[in-house]
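Quick notes on the structure that follows.
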Amino acid sequence: MSTAPGCRLYLITPPVIEDIPAFAQTLAATLDAGDVACLQLRLKNLPDDALCRAIDFLRPVAQRRDVAFLLNDRPDLAFETGCDGVHIGQGDMPLPRARAAVGAGAIVGVTCHASRHLAMEAGEGGADYVAFGAFYPTTTKEAPQHADAEILRWWSDLFEVPCVAIGGITPGNARPLVEAGADFLAVSGGVWSHPDGPEAAVRAFNALMR
């Protein structure tokens, strides 16, 4: 999940996937459309067996393309199912326990909303990236806080730990976040709901970030 060169795309799955095998084909075509740094599987409220089935289908699609595969919220399952890491929110497992669960070599990212304090705590605690947002209105998940692009500029000027911008990001509104210093743009609806399809969205984001 390298930050070089420049800003890169951090893709999040749709919140609901009705047909996992069919989506795996869509995902493959989407990842083949351009540079994607990582894929976060974010499927809430699924039984563990269904979640593991989704991981078994989708993880190889990403990893065969050198795209890091991260699981949302579940460090225990991330380790057991061969994921490259985990993303945790403020209400999930604490960072030290998440790190212990996935191991020293795995990726652990932390949601920090619009809080400089939470971000500094996560960075000092060994997070591999901090995620700020939401920057724009989003229907993918409820956003407890609104973030301003200035927090990306502040973070990137002072700290080495990569920062991720998240929340309502599309090819049409992403440029200020890239210019402010985001290392990654975390996108779900901006790709999967793009009017010209997800492959076109990946190409558009890549063009913008170049």
Practice problem: Filter the range 167-187 down to residues that are more than 18 Å from Met120 (Cβ to Cβ) and touching a residue at least 40 places away in the same chain (Cβ under 8 Å) and give me whichever is nearest to the chain's Cα centre (by Cα). | Solution: Ala186
Exercise. Look at Val130 and say whether it is among the hydrophobic types (A, V, I, L, M, F, W, C), surrounded by 18 or more Cβ atoms within 10 Å (Cβ to Cβ), closer than 20 Å to Leu70 by Cβ and without any contact (Cβ under 8 Å) to a residue 40 or more places away in the chain.
Key: yes
Quiz item: Take the residues of the range 103-122 that are over 17 Å from the mean Cα position of the chain (by Cα) and part of a helix (DSSP H, G or I): which is farthest from Thr170 (Cα to Cα)?
Solution: Glu121
Self-check item: Condition check for Phe159: buried (at least 23 other Cβ atoms within 10 Å of the Cβ) and at pLDDT 95 or above
Solution: no
Exercise. Name the single residue, out of those in the range 56-97 being among the polar types (S, T, N, Q) and at pLDDT 95 or above, that is nearest to Leu41 (Cα to Cα).
Key: Asn72
Quiz item: If you check Arg203 against the conditions, is it touching a Gly at 6+ places or on another chain (Cβ under 6 Å), over 23 Å from Cys112 (Cα atoms) and surrounded by fewer than 21 Cβ atoms within 10 Å (Cβ to Cβ)?
Solution: yes
Quiz item: Inside the range 25-45, can you point out the residues that are surrounded by fewer than 18 Cβ atoms within 10 Å (Cβ to Cβ) and either outside any loop (DSSP other than H, G, I, E, B) or in contact with a Cys (Cβ under 9 Å, 6 or more places away or on another chain) (or both)?
Solution: Gln25, Thr26, Ala28, Ala29
Exercise. Could you tell me whether the range 78-85 includes any residue that is farther than 21 Å from Gly167 by Cβ, in contact (Cβ under 8 Å) with a residue 24 or more places away in the chain and among the β-branched types (Val, Ile, Thr)?
Key: yes
Exercise. Please give the number of the condition Leu70 fails out of (1) closer than 21 Å to Gly168 by Cα; (2) in contact with a helix residue (DSSP H, G or I) (Cβ under 6 Å, 6 or more places away or on another chain); (3) outside any loop (DSSP other than H, G, I, E, B).
Key: (2)
Practice problem: Would you check if there is a residue in the range 85-95 being within 16 Å of the chain's Cα centre (by Cα), surrounded by 20 or more Cβ atoms within 10 Å (Cβ to Cβ) and more than 23 Å from Ala147 (Cα to Cα)? | Solution: yes
Exercise. Being of a type in the set (Gly, Ala, Ser) and under 20 Å from Leu41 (Cβ atoms) narrows it down to one of Ala131, Ala180, Ala149, so name that one.
Key: Ala131
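The values are calculated or read from the model by the stated rules, or taken from the named source; none is laboratory data. Everything numeric in this text was worked out from a predicted model, so none of it was measured. Neighbour counts run over all protein chains shown; Cβ positions are idealised from the backbone, glycine included.
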